[in-house]
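Structure first, commentary second.
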Amino acid sequence: MQKQFVFTIKTTGKQSYLYLQKSKYDKKRRKPVTQSYSLGSINKIGEIIEKLLTSAESVFLGEAILQGLFEKLNITRHLKKDLKEAGATGKQIRLLQFLMATRGVRPLSKLGSVRYLNHSLLEQQVVIDHVNECYGGMALLTDPEKLFRKYSALTLAALNYQPTTTYFDTTSIFFYSDVDSFRSKGFNKDHRRGQPQVIFALSCTDELLPTSYRVYPGNTSDITCFKDYLALPPDKKCLLVFDDGCYSFDMIQYLDKHRYYYIAGCDITKYQPIGEVKIRMINGKHWKIQEAIYQDHRVIEAYNIKNRKKGLEKFDNKVSRVEQFTQQVKGRTLDSKQQKVQELITSLGLKSIFTVKQEEERIILTKNAQTLKRKRKRTKLIRIMTNLEDSPKKILTQYLNRVDVERVFMYLKSPLAIRPVFHSKEQSIKAHIFITMMGYLQLTVLRYYLKTHHQVDLTLELLLEELSFATAIVVEPKTGIKLTYAGKQVSWLSSLLQDLELPLRHSEMLLDLPNPDS
């Protein structure tokens, strides 16, 4: 049974007070129960509105907007059909839709989701008898990665958006569970040593719209993830951009054979420079660029002058730190001293440069000069292999835009909270990531839709901020009081609500109180 809300005004002397009455069905007593709350004097309407906004009795427009946009683009129809064919009930479908929308605006725990649902005035309100019902439909998502590719393709088609560039990258996500197939330890990109993790591979467009993702055990290499991505296969009309973690020359030959256009970061060391070193301004920074040839393939070597200088200083400081520590290290035994030095070298990533050994009751530190020289040369140096014929400046600019994928990972990890994962079943882990990715897809689709249909160009940070402030209260009780309020004046919100034809009215402030004497 849904809760009923009624506002009443009571007059005591010369003062009039606004009361909120809530009616809810009590299962234990098996009858409706009414509770009354005083909101204060109607003369202090500003304080009353603030109380309403800070209470749980609110409509959050952000989630309604994300769901409404997917309705308009006809994606919801496909989602409902797929879930229904998998055996989901109408209640489970609504819950999954709700979780996707809230994941995009305000990630909630299982208990938080239940509280949010039970205390909101959303039209999609669902009564939950037990907290575990909230994630009941997740077990029905047998192949969420395939479903996501389908919905992403349908969304891009509905937006009439044809991507020209696809960026591919991977990251690691740590989690707490006992899943044997995923419980693997590997190199963690968030510097969490010894944590079980999964590898998350993502491809997205230059508008940050995600096109596909895959989840792998925590010890999977980047190049293995990239090979799986090519097996899908991606659109050959799109330029592929990826970093040196996915590079191998065999991979480059494969891309050439299948006629893909690519810009690939590479880790080659021997190549033939051609032409002169040129200085170009890219994104307000000076870059030194030189072209080269490696086995008949075009290579571009570049570095940012300022960043390289800082990088070399940082690298030299690490080397000096190891040398000074070796001279001053303290320990009870020679073995403990050697162990401390070795641990510092490992933590600084200098194992290939230094060798530690004992000689005549002393710790001897040996430095590999050739490796040191090679490491210094490669500090902050970018090497790109490509089959494009564009100018080196344009190619380097396109490769540097690959940082957008890192921004996607940043959004997914915070504020969308894809990590850490607390689920204990492999299927639940994949479903959790699917729900997070669907929330992110909705956000980026909304961003692109505002840009193309309402001429509002927002960053994802600003869009998230404005959506979180898009809080409203809509009350139409029998007494005739009507209250609609937006927590923040968002210029595009009113036109977007009309465009999506949502059943929610919006204005800066509308207050129509009845006469207390009537």
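The values are calculated or read from the model by the stated rules, or taken from the named source; none is laboratory data. Bear in mind that the values here come from a model prediction, so they are computed numbers and not experimental data. So basically every Cβ, Gly included, is an ideal-geometry build from the backbone, and we count neighbours across all protein chains shown.
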Seminar exercise, completed: Restricting attention to the range 360-381, the residues that are of a type in the set (D, E, K, R), assigned to a loop (DSSP other than H, G, I, E, B) and surrounded by 14 or more Cβ atoms within 10 Å (Cβ to Cβ) number exactly 1
Seminar exercise, completed: Going through (1) touching a Pro at 6+ places or on another chain (Cβ under 7 Å); (2) in contact (Cβ under 8 Å) with a residue 24 or more places away in the chain one by one, Asp243 fails only at (1)
Problem set entry | Lys394 surrounded by 15 or more Cβ atoms within 10 Å (Cβ to Cβ), under 32 Å from the mean Cα position of the chain (by Cα) and within 30 Å of Ala292 (Cα to Cα) | no
Problem set entry | Counted residues, the range 244-262 - those being of a type in the set (D, E, K, R) and within 25 Å of Arg378 (Cβ to Cβ) | 2
Seminar exercise, completed: The lone condition Gln195 fails out of (1) at pLDDT below 90; (2) surrounded by 20 or more Cβ atoms within 10 Å (Cβ to Cβ) is (2)
For this session: Please enumerate the residues belonging to the range 280-306 that are exposed (fewer than 14 other Cβ atoms within 10 Å of the Cβ) and more than 23 Å from Phe249 (Cβ to Cβ).
Result: Met281, Asn283, Gly284, Lys285, His286, Ile305, Lys306
For this session: For the range 402-418, indicate whether the set of residues that are free of Cβ contacts under 8 Å to residues at least 40 places away in the same chain and closer than 22 Å to Lys306 by Cα is non-empty.
Result: yes
Exercise. So Ile384 clears everything in (1) touching a helix residue (DSSP H, G or I) at 6+ places or on another chain (Cβ under 6 Å); (2) outside any strand (DSSP E or B); (3) of a type outside the set (Phe, Trp, Tyr) except one condition, right? Which one?
Worked result: (2)
Problem set entry | Lone qualifier among Asp228, Asp222, Asp250 - being in contact with a Cys (Cβ under 6 Å, 6 or more places away or on another chain), over 30 Å from Asp457 (Cβ atoms) and outside the structural domain of Arg447 (by TED's automatic domain parsing) | Asp222
Exercise. Within the bounds of the range 257-275, is there any residue that is modelled with pLDDT under 95, in contact with a strand residue (DSSP E or B) (Cβ under 8 Å, 6 or more places away or on another chain) and on the phi > 0 side of the Ramachandran plot?
Worked result: yes
Exercise. If you go through the range 256-279, how many residues are of a type outside the set (Ser, Thr, Tyr), crowded, with 16+ Cβ neighbours inside 10 Å and within 21 Å of Tyr167 (Cβ to Cβ)?
Worked result: 4
Problem set entry | Candidate set from the range 135-160 (those that are of a type in the set (A, V, I, L, M, F, W, C) and either part of a loop (DSSP other than H, G, I, E, B) or under 22 Å from the mean Cα position of the chain (by Cα) (or both)); member that is surrounded by the fewest Cβ atoms within 10 Å (Cβ to Cβ) | Ala153
Exercise. Is there a residue in the range 47-58 that is surrounded by 13 or more Cβ atoms within 10 Å (Cβ to Cβ) and modelled with pLDDT of 65 or more?
Worked result: no
Problem set entry | Hits in the range 214-251 (condition: surrounded by fewer than 18 Cβ atoms within 10 Å (Cβ to Cβ) and part of a loop (DSSP other than H, G, I, E, B)) | Asn219, Ser221, Ala231, Leu232, Pro233, Pro234, Asp235, Lys236, Lys237, Ser248
